[in-house]
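In what follows, a structure is listed as structure tokens, so that the remarks can point back to it.
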Amino acid sequence: MPKTCSVCDEKTTSDGFCRRHEGAYRRIVEAYAGWREAKENSPEEYLREIVELAETGEWVVDVARYILGEGKALLREIEGAQGV
Ligand SMILES: [Zn+2]
């Protein structure tokens, strides 16, 4: 069974996201570290803010919506990415 992106139907070689959504996800993870220092909020609140921001790129919003819905397991990963 061919693997597809968690967000769109693009084929992907690995589990998770296609190339564009993977890039968007990395941007989310990287940006969260700086955002958290300023606001000390949970990744979930951070993602909600992304979805609400009109200027956020479409790919990032797709990924943020996915994580807030079916992709909740990734919240831990985002939180853990900067907690070292
Ligand atoms: Zn995708």
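Each reported figure results from applying straightforward, stated rules to the coordinates on display, with no laboratory input. The structure presented is a predicted model; accordingly, all values stated were derived computationally and were not measured. Here the Cβ positions follow ideal geometry from the backbone for every residue, glycine too, while neighbour counts run over all protein chains shown.
Most tightly packed first, judged by the mean number of other beta-carbon atoms within 10 Å of their residues, the peptides 6-13, 23-30 read 23-30, 6-13. Working ranking of peptides 74-81, 35-42 by packing, defined as the average number of other Cβ atoms within 10 Å per residue, highest first, is 74-81, 35-42. The relative contact order of the chain, computed from alpha carbon pairs under 8 Å that lie at least 6 residues apart in sequence, is 27 percent.
Given R₀ = 41 Å, what would the calculated FRET efficiency be for Glu37 paired with Asp15, taking r from the Cβ atoms and rounding to 0.05? Efficiency, rounded to the nearest 0.05: 0.85. Find out how many positive minus negative residues lie around Glu10, taking Lys and Arg as positive, Asp and Glu as negative, among other residues whose Cβ is under 12 Å from that of Glu10. Net charge in that neighbourhood comes out at +1.
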